[in-house]
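Where a number appears in this text, it was derived from the coordinates with a stated rule and is not lab data. From a predicted model like this one, the values you see are computed outputs, not experimental measurements. Cβ atoms come from the backbone with ideal geometry, glycine included; neighbour counts cover every protein chain shown.
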Amino acid sequence: ISWDVERGWHDAGVVPYGPIELDPAAMVLHYGQAIFEGLKAYRQADGSISSFRPHANAARFRSSARRMAMPEMPDELFLGSLAELVDVDRAWVPAAGGEESLYLRPFLFSTEAGLGVRPATEYRYLLIASPAGAYFTGGVRPVSVWLSTEYVRAAPGGTGAAKFAGNYAASLLAQAQAADEGCDQVVWLDALERRYVEEMGGMNLFFVVGEGEGAQLVTPELSGSLLPGITRDSLLQLAQDAGLAVAERRISTDEWEKKADSGEISEVFACGTAAVITPVGSVKHADGSFTVGGGATGPVTTMLRETLTGIQRGTVADPHGWMTTLVR
Ligand code: PMP
């Protein structure tokens, strides 16, 4: 689908996968106006194909577009594009009941040829699909994380709350540093004090703080510099449904380490569309390392994972009407 100032959204169509042509002066190549979304299509037991909260992805796509001075796509067009491609690619949606799904990647970028720095007046929207299995090889196992104090992903007033391509470019070096430190993932901290936990690469974070009646599921508040994850929002709801107290608040790396050491923080997990729910077992930083919950997967993590994946696969009731049928 194309967009320009005169015509708005136009020329929708499905074409065979292949290279695209871009003018060498296409503004995206120089000034980086590029945003995207990530969703999964799941085959249901009756053969229909559904997606999880695609209206929420459509809304986030519009808010990313607004931040990057790009055109905002209406829900009908966004949802319609998903349904149309999934219909064509129906055979690529894995069988019902397993871990697999069809990953959907909508994206929008500026195509206008021009060297002046200003919002482009021409854009292209594309949607590609790819069958997806488990995000981490080896199944659900606790991952190790590196607390990045040298680099930040996003700053107040910046682009961190948008699903903007440049945020991911900015995170690559720290991800490589995490790998050099022997860790699977980076945990990003706030830009100003480098003390408060924000999120992980591609995932939001949750902490189980306290025990028994006093236990609380804590996640960093939406600071403006972390991505408002749809899985994050859904888990806050599912936890409350299960009778767990939840809190969105700042949580410092000191609190994390102290309470993990004392056992007061018994579980930490990360969540996102691609990774679903992944436990965090160990943490490394410039001055040392610590483990969480003995490095094992905890009961709250397991319960929330089973509920969420059950809703997505149609084996658990969907009380909030989150599953949306794309094609019958
Ligand atoms: N944070 C970042 C930086 C991400 O890229 C993602 C994946 N979209 C998430 C969090 C999780 O968001 P969601 O649950 O909507 O997939």
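Find the centroid of the Cα atoms in the stretch 257-328 and in the stretch 53-113, then give the distance between the two in whole Å.
Each part reduced to its Cα centre gives a spacing of 25 Å.
Relative to the first principal axis of the alpha-carbon coordinates of the chain, what is the inclination of helix 299-313, with its axis defined by its Cα atoms, in degrees from 0 to 90 and to the nearest 10?
Value to nearest ten degrees: 20.
Quick one: if you stick a label point 7 Å off each Cα along the C-beta vector at LEU173 and THR121, how many nm between them?
3.7 nm
How far apart, in nm, are two points set 7 Å out from the Cα along the Cα-to-Cβ line at ARG66 and at GLU264?
Distance between the two pseudo-spin positions: 3.8 nm.
Near LYS40, which lysines are there with a Cα under 23 Å away, not counting those fewer than 8 places off in the same chain?
Qualifying lysines at Cα under 23 Å: LYS163.
Taking K and R as +1 and D and E as -1, what net charge do the other residues with C-beta under 15 Å from the C-beta of GLY288 add up to? Could the numbers behind the result be given before it?
Values: positive: LYS258, LYS284; negative: GLU181, ASP254, GLU257, ASP261, ASP287.
That sum, taken over residues with Cβ under 15 Å, equals -3.
Could you work out the per residue convex hull volume over the alpha carbons of the stretch 135-211, in cubic angstrom? Don't skip to the answer; put the middle values down first.
Details: hull volume 9.5 nm³, N = 77.
In the stretch 135-211, the Cα convex hull volume per residue is 123 Å³.
Given labels modelled 7 Å from the Cα in the Cβ direction, how far is it in nm from SER289 to SER223?
2.5 nm
Under the Karplus relation 6.51 cos²θ - 1.76 cosθ + 1.60, θ = phi - 60°, what is the ordered set of whole-Hz ³J(HN,Hα) values for the stretch 10-18, x standing for Gly and Pro?
Karplus-based 3J(HN,Hα) across the stretch 10-18 equals 7, 6, 6, x, 9, 10, x, 4, x Hz.
When a footprinting reagent is the concern and you count Cβ atoms within 10 Å, what order do LYS40, LYS259 take, fewest first?
Details: LYS40 20, LYS259 17.
Lowest to highest Cβ neighbour count: LYS259, LYS40.
Give the Cα extents of the stretch 2-133 along the principal axes, in whole Å, largest first.
Ordered largest first, the stretch 2-133 gives principal extents of 52, 28, 25 Å.
Identify all lysines with a Cα-Cα distance to LYS258 below 22 Å; exclude those on the same chain that are fewer than 8 residues away in sequence.
Those lysines meeting the cut-off are LYS284.
PHE61: net charge of surrounding residues, Cβ under 12 Å, Lys/Arg +1, Asp/Glu -1, itself excluded?
Details: positive: ARG60, ARG62, ARG66, ARG67, ARG105, LYS163; negative: GLU37, GLU72, ASP75.
Neighbourhood net charge equals +3.
If R₀ is 25 angstrom, what is the calculated FRET efficiency for the pair HIS10 and ALA91, using the beta carbon separation as r and rounding to 0.05?
The formula returns an efficiency of 0.30 here.
Convert 37 °C to kelvin, take the viscosity as 0.692 mPa s, use the Kirkwood radius over C-alpha pairs of the chain as Rh, and evaluate the Stokes-Einstein diffusion coefficient in µm²/s, rounded to a whole number. Before the final figure, lay out the partial values.
Numbers: Rh = 20.9 Å.
The Stokes-Einstein estimate is 157 µm²/s.
What are the residues whose amide H is under 5 Å from the amide H of ASP184, where those residues sit 5 or more places off or on another chain and H is modelled from the backbone?
When sequence neighbours closer than 5 places are left aside, the close amide H contacts are SER144, VAL145.
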